[in-house]
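The values are calculated or read from the model by the stated rules, or taken from the named source; none is laboratory data. Quick caveat, the model's predicted, so the values are computed rather than measured. Every residue, glycine among them, receives a Cβ derived from its backbone with ideal geometry; neighbour counts consider all protein chains shown. For the accessible areas, the whole protein counts, side chains as well, though only heavy atoms, and no ligand, DNA or RNA atoms are used. Shrake-Rupley method; radii C 1.70, N 1.55, O 1.52, S 1.80 Å.
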Amino acid sequence: MKLAVLLSGRGSNFEAIHAAIASGRLHAEIVCVISNRPDARGIARARELGLTTHVFDHKRYPTREAHEEDVLRALAEAEPDFIALAGYMRLLSAAFVAAFPHRILNIHPSLLPSFPGVDAQAQAVAYGVKVSGCTVHFVDENLDAGPIIVQRAVPVRDDDTGDSLAARILEQEHDAYVDALIALSTHAWRVEGRRVVFEP
Ligand code: GRF
């Protein structure tokens, strides 16, 4: 399984995926790591790890399409089987998504379809849900909306803040993302409507 990782910040999910590969739990190869932010900690870490990295600073492009052209060119060179968005804070155009049907994954820190968008953990605390969690899903043209691959539940405590809940969800994210990639690489699967169905 050849993986491309797109990130914008801390990169802890990227590191979890890398660690799972290094330990032999996930049989995959990270063929490139792309950041839209030159200062992303995740891209610095990818460089330290000796991976192929690209920075395409979206602020230096006149349009979303121009930025995506460079990202697409790098992806075409790397030929990934899957593209893992790991804290990539850019909306992908419909054309970009259509170029990789059921090949782009994202992780979101809530049990979708609850609390899409930013600050999902703080949204969950403010709403008063007793359980939140994280979702690994395929990316479609809508925000945080594609078919769900893996979810993990995390109880919300009465004294939780957005930050404390985010920290506990993040631990589950790392495992859930790796599990989703293992499932996709070791099982036959198909998408039926909104459902991702794995063969036993
Ligand atoms: C994670 O909470 C992920 O769910 C969200 O962005 C955050 C990225 O964290 N999409 P990291 O950069 O992987 O540490």
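Among the listed residues PRO147, PRO113, PRO200, which satisfies the condition of being surrounded by fewer than 18 Cβ atoms within 10 Å (Cβ to Cβ), away from the ligand (no atom under 14 Å from the Cβ) and modelled with pLDDT under 95?
Values: PRO147 fails: modelled with pLDDT under 95; PRO113 fails: modelled with pLDDT under 95.
Result: PRO200 is the single residue among PRO147, PRO113, PRO200 that is surrounded by fewer than 18 Cβ atoms within 10 Å (Cβ to Cβ), away from the ligand (no atom under 14 Å from the Cβ) and modelled with pLDDT under 95.
Mind listing whichever residues of segment 118-156 are β-branched (Val, Ile, Thr) and either free of Cβ contacts under 8 Å to residues at least 12 places away in the same chain or assigned to a strand (DSSP E or B) (or both)?
Of all residues in segment 118-156, those β-branched (Val, Ile, Thr) come to 118, 125, 129, 131, 135-136, 139, 148-150, 154, 156.
Scanning segment 118-156 gives VAL118, VAL131, THR135, VAL136, ILE148, ILE149, VAL150, VAL154.
Hey, among ILE17, ILE43, ILE21, ILE30, which residue is within 23 Å of ILE148 (Cβ to Cβ), within 16 Å of the ligand (Cβ to nearest atom) and of a type outside the set (Gly, Ala, Ser)? If you could, list the steps in order and put the result at the bottom.
Values: ILE43 fails: within 23 Å of ILE148 (Cβ to Cβ); ILE21 fails: within 23 Å of ILE148 (Cβ to Cβ); ILE30 fails: within 23 Å of ILE148 (Cβ to Cβ).
Answer to the selection: ILE17.
Among the candidates LEU170, LEU184, which residue alone is within 16 Å of the ligand (Cβ to nearest atom) and either under 22 Å from GLU15 (Cβ atoms) or assigned to a helix (DSSP H, G or I) (or both)?
Working: LEU184 fails: within 16 Å of the ligand (Cβ to nearest atom).
LEU170 is the lone residue from the list that is within 16 Å of the ligand (Cβ to nearest atom) and either under 22 Å from GLU15 (Cβ atoms) or assigned to a helix (DSSP H, G or I) (or both).
LEU165 fails exactly one of the following numbered conditions: (1) touching a strand residue (DSSP E or B) at 6+ places or on another chain (Cβ under 8 Å); (2) assigned to a loop (DSSP other than H, G, I, E, B); (3) at negative phi. What is the number of that condition?
The one condition LEU165 does not meet is (2).
With segment 1-104 as the region, which strands (runs of 3 or more DSSP E) entirely inside it contain at least 3 residues that are within 23 Å of HIS137 (Cα to Cα) and open to solvent by less than 40 Å² (accessible area, probe 1.4 Å)? Full working, then the answer.
Details: elements: 2-7, 29-35, 53-55, 82-85.
By residue number, 2-7, 29-35, 82-85.
So ARG194 ticks every box in (1) in contact with a helix residue (DSSP H, G or I) (Cβ under 7 Å, 6 or more places away or on another chain); (2) over 25 Å from GLY11 (Cβ atoms); (3) loosely packed, with under 14 Cβ neighbours inside 10 Å but one. Which box is left unticked?
Answer for ARG194: the failing condition is (1).
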